[in-house]
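Worksheet for the structure shown next.
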Amino acid sequence: MPTKTKKKAAFKLTYATMFNPPEELHTRYDKELARIKASLGQEYGMIIDGKEIKAASKIEHRSPINQDWLLAIFQKGNADDARAALAAARRTFPKWSHTPWRERVRLLRKAADLIDKRIYEFGVVMSLEVGKNRMEALGDAAESADLIRYSCDQMEANKGYVVRMGKDPLKGYTATNTSVLRPYGVWVVISPFNFPCALTAGPAGAALVSGNTLVMKPATNTPWTVRLLAECFRDAGIPDGVFNYVTGPGSNIGQELIDNSEVDGITFTGSFDVGMGIMRSFANGRYARPTILELGGKNPTIVSRKADLDQAAIGILRSAFGLQGQKCSACSRVFIERPVYQKLVDKLVEQTKKLAVGDPTDRNNYMGPVVNRSSYKDFQDFCAELGKSGKFLTGGKVLTEGALAKGYYCAPTLVADLPLDHRLWKYEMFLPITTIAAVDSLDQAMTLANDVNYGLTAGFYGSEKEAAWFFDKIEAGVTYANRPQGATTGAWPGFQPFGGWKGSGSSGKNGGGVYYVPLYMHEQIQTLIK
Ligand code: NAP
Ligand code: MG
């Protein structure tokens, strides 16, 4: 007889489900927070060829939540450390690339499981070093494990990317033709501060599972998260030297990783200017090498007069102000059909005023600080500029009351009446600032939406028929219609593969999707005549 006891459905954390987590998640995060805060200030080395490497210069790693909190000491690595890491990756490439792919899949799945096991540690560390709220931080870690698994799944689904081709119509001979995808060699992954785990683990997982060896360099603001990731690779049993973790300024150790001829391919995720600079320097090598760039965004949301305005309001706010607007997928522009403009703006303003800003490790706060002093200053400069030509509906200022004065807190800022030719309609500010305009038609909205160098994500609210029109016309790699979980944000591997068009990306294929892993391999045709 079938049992009548209802089994509680297991909770699967994604960016779409994170708004109603089970209580246990909070309890465990709080416990880990207390443990980590009691032992701050330790020193961490780089990991090169399996060894802990210390540099002569150090980085005092402080929290954007409170500058008095010294989180840890990290190494200010230099070009020599980059060269040592590349040499280790070169030395280990022959063996790793000839390790059967099923064994590589096994080790990487183990690493993914270790991330899950340490997820609260990852979450707390990301809250402390990035300023992410707890759910965003846990989401980043969970996504990282899933990105690695997705690359493993793809390797399996494609049976190691070995394909029998047709037989040539030869008389008197038999030909077997086989297509194999083979790894390039030494791969460099340079990641940004805002999704330090996922945007290192995603490319690293794909590079490693396909047989490349790896050097990864995190952003200066986020060495700790990526150190934890490196520990998961190490503890999973991935051999010494196959993955290497170096820390230090992009302009020095990062630039060496770009300029060195030992590098066979690179994945860079970060800003447009740095990424394009990297592409140009990287092109100075002896020959062309794969350069996967995942760059910025200036993501629009279009709202039709037929939209459900409650869905639109919540989706827009989540995407505008989640992670303090510092997502490449953040909704930074909103175009609303005039008949519903005022009604939607009223909702947006009312709900923005309710957003709690403060220490992001506190479960009651939705927004934490911005990542560093330079972003904090940018916010003040942009607000000064925006105040001259537009009107603040909310925010427009930094928050310095009480404990907030110790960190980099900015008020969620909505700007109206900014002339449509103002430069900040096209410039990625990467802060909790969203500009809003009324439009006369959906066609006008679409023209404006597409009139930028970027094409990362985009959102729409309206009828289903209009949504089909939106998907067809919008120039972006990740598009959503009628989604209250986030107008332009919240992609998850396997569900919404993530990548951009135009100035937002170079490969035209999205991470966490079916076309991604092959980017890390070159094809060889093997013809054997018998
Ligand atoms: P960033 O300033 O461009 O830095 C990204 C990485 O590049 C960091 O590790 C940085 O190191 C390093 N770097 C800087 N100069 C370098 C050089 N000359 N050579 C080699 N490496 C160098 O970006 P961010 O401020 O960390 O992140 C925000 C940007 O990333 C935004 O534009 C956002 O849209 C974009 N992003 C895109 C995606 C996507 O999937 N398309 C996802 C997330 C973020 P240092 O920190 O040491 O300078
Ligand atoms: Mg930056």
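The values are calculated or read from the model by the stated rules, or taken from the named source; none is laboratory data. Small disclaimer: the values here were computed from a predicted structure and weren't measured. All Cβ positions, even for glycine, are placed from backbone atoms using ideal geometry, and neighbour counts span all protein chains on display.
Considering the range 415-530, the qualifying strands (runs of 3 or more DSSP E), each wholly inside and each with 3 or more residues that are more than 24 Å from Ser271 (Cβ to Cβ), run over 433-439, 521-529. Of all the numbered requirements in (1) in the same structural domain as Phe195 (by TED's automatic domain parsing); (2) buried (at least 24 other Cβ atoms within 10 Å of the Cβ), Met276 misses one, and that requirement is (2). The number of residues in the range 283-302 that are under 20 Å from Ser504 (Cβ atoms) and either in contact with a Phe, Trp or Tyr (Cβ under 9 Å, 6 or more places away or on another chain) or not assigned by TED's automatic domain parsing to the domain that holds Asn78 (or both) comes to 13. Within the option set Glu262, Glu256, being more than 16 Å from ligand 2 (Cβ to nearest atom), part of a helix (DSSP H, G or I) and buried (at least 16 other Cβ atoms within 10 Å of the Cβ) holds for one residue only, Glu256. Six or more apart or on different chains, Cβ atoms under 6 Å: show the pairs whose first residue is in the range 397-421 and in contact (Cβ under 8 Å) with a residue 60 or more places away in the chain and whose second is surrounded by fewer than 24 Cβ atoms within 10 Å (Cβ to Cβ) and basic (Lys, Arg). What qualifies is Ala416/Lys391. Of the strands (runs of 3 or more DSSP E) lying entirely inside the range 31-82, those containing at least 1 residues that are of a type in the set (D, E, K, R) and buried (at least 17 other Cβ atoms within 10 Å of the Cβ) are 58-62. If you go through the range 366-385 and keep only what is under 22 Å from the mean Cα position of the chain (by Cα) and away from ligand 2 (no atom under 16 Å from the Cβ), you end up with Tyr366, Met367, Gly368. Out of Ile292, Ile302, Ile316, one residue alone is modelled with pLDDT of 95 or more, among the aliphatic types (A, V, I, L, M) and within 16 Å of ligand 1 (Cβ to nearest atom). It is Ile292.
Cβ-Cβ contacts under 8 Å between residues 6 or more apart (or on different chains), taken from a first residue in the range 160-178 that is part of a loop (DSSP other than H, G, I, E, B) to a second residue that is hydrophobic (A, V, I, L, M, F, W, C), are listed as Met165/Ile525; Lys167/Ala175; Asp168/Ala175; Leu170/Ile529; Tyr173/Ile529; Thr174/Ile529.
One residue stands out in the range 340-366 among those that are in contact with a Ser or Thr (Cβ under 7 Å, 6 or more places away or on another chain) and assigned to a helix (DSSP H, G or I): the one that is surrounded by the most Cβ atoms within 10 Å (Cβ to Cβ), namely Thr352. Of all residues in the range 362-383, those that are within 14 Å of Thr400 (Cα to Cα) have Cβ atoms under 8 Å from Cβ atoms of residues that are polar (S, T, N, Q), 6 or more apart or on another chain, in Gly368/Ser127; Gly368/Asn133; Gly368/Gln324; Pro369/Gln324; Val370/Gln324; Val370/Gln326. Total residues in the range 29-74 satisfying the condition of being within 18 Å of Gly368 (Cα to Cα) and touching a strand residue (DSSP E or B) at 6+ places or on another chain (Cβ under 7 Å): the figure is 6. Looking at Val215, Val189, just one residue is aliphatic (A, V, I, L, M), under 15 Å from the mean Cα position of the chain (by Cα) and assigned to a strand (DSSP E or B), and that residue is Val189. Which of the following residues is touching a Phe, Trp or Tyr at 6+ places or on another chain (Cβ under 7 Å) and under 25 Å from Val371 (Cα atoms): Thr225, Thr220, Thr213? Criteria check complete, one pass: Thr225. Can you tell which of Gly237, Gly270, Gly265 is touching a residue at least 24 places away in the same chain (Cβ under 8 Å) and away from ligand 1 (no atom under 16 Å from the Cβ)? Unique residue meeting the criteria: Gly237. When Gly270 is tested against (1) crowded, with 24+ Cβ neighbours inside 10 Å; (2) within 16 Å of ligand 2 (Cβ to nearest atom); (3) closer than 19 Å to Tyr454 by Cβ; (4) outside the structural domain of Ala487 (by TED's automatic domain parsing), exactly one condition is not met: (1).
Return yes when Glu136 is touching a Phe, Trp or Tyr at 6+ places or on another chain (Cβ under 9 Å), in a helix (DSSP H, G or I) and at pLDDT 95 or above and no when it is not. Criteria met by Glu136. Remark: Thr447 falls outside the filter, which requires a residue to be among the hydroxyl-bearing types (Ser, Thr, Tyr) and under 23 Å from the mean Cα position of the chain (by Cα). The condition (being under 17 Å from Gly396 (Cα atoms), among the basic types (Lys, Arg) and out of contact with any Cys (no Cβ under 8 Å at 6 or more places or on another chain)) is satisfied by just one residue among Lys347, Lys377: Lys377.
Pairs linking a residue in the range 104-119 that is at pLDDT 95 or above to a residue that is crowded, with 18+ Cβ neighbours inside 10 Å and among the charged types (D, E, K, R), with Cβ atoms under 6 Å and 6 or more positions apart or on different chains, are Ala112/Arg149.
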